[in-house]
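Trainee: Dropping the structure in here first, questions after.
The values are calculated or read from the model by the stated rules, or taken from the named source; none is laboratory data. Values in this document were obtained by computation on a predicted structure and should not be read as measured data. Counting neighbours? That spans all protein chains shown, and the Cβs are built from the backbone with ideal geometry, glycine included. What goes into the accessible areas is simple: the full protein's heavy atoms, side chains included, and nothing from ligands, DNA or RNA. Shrake-Rupley method; radii C 1.70, N 1.55, O 1.52, S 1.80 Å.
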Amino acid sequence: MATLRIGFIGAGNMAQAFAKGLIAAGVTKPQGIVVSSPKVDQHLLDQMAAIGCGTTYNNREAASFSDVVVMAVKPAVIPRVLHDLQPCVTPARPLVTSVALGVTLATMEANLPPESRVIRIMPNTPALVQLGASVFCRGAHATDEDVQTTRRLLSAVGEVDEVPEGFLDAVTGLSGAGPAYVYLAIEALADGGVRMGLPRPLSLKLAAQTVMGAAKMVLETGKHPGQLKDEVCSPGGCTIQGVAALERNGLRAAFISAVHDATVKSIETSGK
């Protein structure tokens, strides 16, 4: 399959994770990526240049180069940036995708020429290590080939599902923001190990590996997490004591509230 030429508008954390993941997965080569960003973000462009990507201050240059454009700038500037790209976007090329929080397909289409092909995508930062959890939704003029291209890009860096656009805010609150929640959990588990006398490096390694292994058990066994939890908890044992402590301190409610609040913020950003 032909190597895709990809343009990133914006060079922040999500763009860097996605670009590096695509390169590592062999979807494209560093020279197949051009990244644009303002001069004020030169340090970010330098990081992309260091892995072999092309860089520019000109958004149109990045778009004209590309088969697929990934909009990875702050939501508030998306309409202005899309309007700036109009002269180099046609129904034929490029496919315009966006990872911007809360920016709807309708907003994207309204700020591009008629019949432009757009797709909203929501990857997350573990795309950097090919363990992303991504979703996408297609615009009115996106073709089946565009969907295949999007699946190719996102499946190269993890799992991918097509969803209705109405799911995007909740996906943002769950898998988009979710890595931060899990990092907190890993840090807290490691702190618990240190509190009980384990060396910090060993405690952190055990905590991270435990989270990764438990997640893989859920995905590969098909068992409900509650069943897997029950299988670890022996009657009167140490694990059920730990689970009781987590319940007593509201862990489950805290995670539910985190997803809720992040989703609400995404909804507010989109102006719904």
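Trainee: What's the total number of residues in the stretch 5-52 that are in a helix (DSSP H, G or I) and either under 15 Å from residue 154 (Cβ atoms) or in contact with an Asp or Glu (Cβ under 8 Å, 6 or more places away or on another chain) (or both)?
Mentor: Qualifying residue count, the stretch 5-52: 11.
Trainee: Could you check the stretch 212-272 for helices (runs of 4 or more DSSP H) lying wholly inside it with 2 or more residues that are at pLDDT below 95 and open to solvent by 50 Å² or more (accessible area, probe 1.4 Å)?
Mentor: By residue number, 251-269.
Trainee: Another one. Is the stretch 168-190 home to any residue that is closer than 30 Å to residue 139 by Cα and surrounded by fewer than 17 Cβ atoms within 10 Å (Cβ to Cβ)?
Mentor: Looking through the stretch 168-190, at least one residue is closer than 30 Å to residue 139 by Cα and surrounded by fewer than 17 Cβ atoms within 10 Å (Cβ to Cβ).
Trainee: Still on this structure, please answer the following. Can you name the residue in the stretch 90-99 that is touching a residue at least 24 places away in the same chain (Cβ under 8 Å) and open to solvent by 10 Å² or more (accessible area, probe 1.4 Å) and is also nearest to the chain's Cα centre (by Cα) among such residues? Walk me through how you get there before you give the answer.
Mentor: First, pick out the residues of the stretch 90-99 that are touching a residue at least 24 places away in the same chain (Cβ under 8 Å): 90-91, 93-99.
From what is left, the residues that are open to solvent by 10 Å² or more (accessible area, probe 1.4 Å) are 90-91, 93, 99.
Values: 90: 27, 91: 26, 93: 24, 99: 8 Å.
Within the stretch 90-99, the match that is nearest to the chain's Cα centre (by Cα) is 99.
Trainee: Do you know which of the residues in the stretch 100-151 that are touching a helix residue (DSSP H, G or I) at 6+ places or on another chain (Cβ under 7 Å) and basic (Lys, Arg) is least open to solvent (accessible area, probe 1.4 Å)?
Mentor: Residue satisfying both the conditions and the ranking: 120.
Trainee: Then there is this: For the stretch 77-104, name all the residues that are in contact with a Ser or Thr (Cβ under 9 Å, 6 or more places away or on another chain) and more than 17 Å from residue 62 (Cβ to Cβ).
Mentor: 79, 91, 101, 102, 103, 104
For (1) at positive phi; (2) of a type in the set (A, V, I, L, M); (3) free of Cβ contacts under 8 Å to residues at least 60 places away in the same chain, each residue gets a yes or a no:
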residue	(1), (2), (3)
181	no, no, no
185	no, yes, yes
199	no, no, yes
228	no, yes, yes
243	no, yes, yes
